[in-house]
Amino acid sequence: MDRAQVSVEFFIIAAFVFALAGALLSVATSQINQNTILDNLAMGRNAIGVVSSYINFVGLSGVGANVSTTVFVPTNMICFIPTISSSNIYCTESNNNSNYNVTGEQLFFPPTINPICNQQGWLNVVVSNNGGVFVNCTQLN
């Protein structure tokens, strides 16, 4: 067997292996990005689900009711945004040019939400009823 033929066969096999590796890497990267978005949406849904429940609880409990909890809002999520009708709060994924949103349960009382609640990370959320339902947040370090 001639050296030139062996060299050509080696480069053909190497090119095939690199092309296959590149295709697999592309598919894996796409799947990882989709899983990250889904994880963020699930964690955001959990955060607004807890706060939505507390908004309803505090509203039904009457003036003077106060509940505090700690929730985690993942990176690239903006949460505690009231819908136009204020019958729900939702989270939106802000990293991509997508419209991925998750909505909490229906609210019986339209809350007043402090804009500070639109942060990411661990938040201490206080829901209180002072003649109306108010949501205040502080970021935990």
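Let's see how each residue does on (1) touching a residue at least 12 places away in the same chain (Cβ under 8 Å); (2) of a type in the set (Val, Ile, Thr):
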site	(1), (2)
26	no, no
31	no, no
36	no, yes
125	yes, yes
136	yes, no
Item to check | Identity of the residue in the range 53-68, over 19 Å from residue 103 (Cβ atoms) and among the β-branched types (Val, Ile, Thr), that ends up surrounded by the most Cβ atoms within 10 Å (Cβ to Cβ) | outcome: 58
Checklist entry - In the range 112-139, which residues are buried (at least 20 other Cβ atoms within 10 Å of the Cβ) and in contact with a Gly (Cβ under 8 Å, 6 or more places away or on another chain)? => result 129, 133
Item to check | Among the candidates 37, 12, residue that is at pLDDT 90 or above, not in a loop (DSSP other than H, G, I, E, B) and not small (Gly, Ala, Ser) | outcome: 12
Checklist entry - In the range 107-120, how many are in contact with a Ser or Thr (Cβ under 8 Å, 6 or more places away or on another chain) and closer than 19 Å to residue 71 by Cβ? => result 4
Next on the checklist: If I filter the range 35-47 for residues that are charged (D, E, K, R), over 29 Å from residue 131 (Cα atoms) and surrounded by fewer than 16 Cβ atoms within 10 Å (Cβ to Cβ), do I get at least one hit?
Outcome noted: yes
Checklist entry - Considering the range 70-89 alone, what residues qualify as being of a type in the set (Val, Ile, Thr) and surrounded by 14 or more Cβ atoms within 10 Å (Cβ to Cβ)? => result 71, 73, 78, 81, 83, 89
Checklist outcome for this item: Checked pairs for the range 94-105, first in a loop (DSSP other than H, G, I, E, B), second at pLDDT 75 or above and surrounded by fewer than 15 Cβ atoms within 10 Å (Cβ to Cβ), C-beta under 6 Å and 6 or more apart or across chains, list as none
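The values are calculated or read from the model by the stated rules, or taken from the named source; none is laboratory data. In this text, all values refer to a predicted model and were calculated from it rather than measured experimentally. Neighbour counts run over all protein chains shown; Cβ positions are idealised from the backbone, glycine included.
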